[in-house]
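This report concerns only the one structure given below.
The values are calculated or read from the model by the stated rules, or taken from the named source; none is laboratory data. Owing to the predicted nature of the structure, the values given are computational and were not obtained by experimental measurement. Here the Cβ positions follow ideal geometry from the backbone for every residue, glycine too, while neighbour counts run over all protein chains shown. Only protein heavy atoms, including side chains, enter the accessible area calculation; ligands, DNA and RNA are left aside. Shrake-Rupley method; radii C 1.70, N 1.55, O 1.52, S 1.80 Å.
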Amino acid sequence: MFAQIILICGISLEGVVLGFLFQKLLFIYQPIRVVGLFLILIFCVYPLSTLDVRQSDLRFYKNRAALWDKRNKEINDQIEMGKKNLLVSALDSFAEIAELRDDSRYWVNQCAAKYYQVESISAVEE
């Protein structure tokens with residue numbers, strides 16, 4: 001959310017700066033003035049359309065983050081117990097994001113195993 005605010009402020013500031021830069025040119029040529037004002041309006045208003053985040057979307061992503069945090073805790077708990085071949089909860093994939101699978105040779109599982117510095121990670125349905 002904070003990054004989105006920074007993006008919107010940055011693009012809006014860009015529109016304002018362009019307005020000041022083209023101010024003299026816009027008053028000289030009428031067609032350029034209309035196009036310039038239109039572009040400035042787009043630079044200032046378009047970022048506001050990105051704020052259309054629905055509450056249901058926020059709840060979904062909040063729940064998803066909680067599930068990832070829970071699985072991360074599972075992994076860290078097993079590592080603290082000295083396990084090297086981990087078995088964790090599987091999550092459903094969404095938005096074409098690859099998730100851990102039951103096959104420890106799957107590339108996502110191998111990357112996770114390298115990240116957590118263990119021999120293997122497998123995910124099973126609860």
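So which of R64, R59 is under 30 Å from Q4 (Cβ atoms) and open to solvent by less than 40 Å² (accessible area, probe 1.4 Å)?
Numbers: R59 fails: open to solvent by less than 40 Å² (accessible area, probe 1.4 Å).
Sole residue among the options that is under 30 Å from Q4 (Cβ atoms) and open to solvent by less than 40 Å² (accessible area, probe 1.4 Å): R64.
Being of a type in the set (F, W, Y) and under 17 Å from G36 (Cβ atoms) is the filter; apply it to segment 1-24 and report the residue that is most open to solvent (accessible area, probe 1.4 Å).
F20
Residues in segment 105-112: is at least one small (G, A, S), under 23 Å from the mean Cα position of the chain (by Cα) and modelled with pLDDT of 75 or more? Please lay out each step first, then the result.
The first filter runs over segment 105-112 and keeps only residues small (G, A, S), leaving 112.
With the extra rule that they be under 23 Å from the mean Cα position of the chain (by Cα), the set shrinks to 112.
When the remaining residues are screened for being modelled with pLDDT of 75 or more, the result is 112.
Checked segment 105-112: at least one residue is small (G, A, S), under 23 Å from the mean Cα position of the chain (by Cα) and modelled with pLDDT of 75 or more.
Each residue in segment 111-120 was checked for being surrounded by fewer than 16 Cβ atoms within 10 Å (Cβ to Cβ) and not hydroxyl-bearing (S, T, Y), and 4 pass. Among the residues of segment 113-126 satisfying the criterion of being at pLDDT 90 or above and in a loop (DSSP other than H, G, I, E, B), which is farthest from R64 (Cα to Cα)? It comes out as E119.
So which of V53, V35, V16 is assigned to a loop (DSSP other than H, G, I, E, B) and either β-branched (V, I, T) or at pLDDT 80 or above (or both)? Don't jump to the end; show me each part of the working.
Values: V35 fails: assigned to a loop (DSSP other than H, G, I, E, B); V16 fails: assigned to a loop (DSSP other than H, G, I, E, B).
One residue alone meets the criteria, V53.
Given the criteria in contact (Cβ under 8 Å) with a residue 24 or more places away in the chain and open to solvent by less than 90 Å² (accessible area, probe 1.4 Å), does V108 qualify? Criteria not met by V108.
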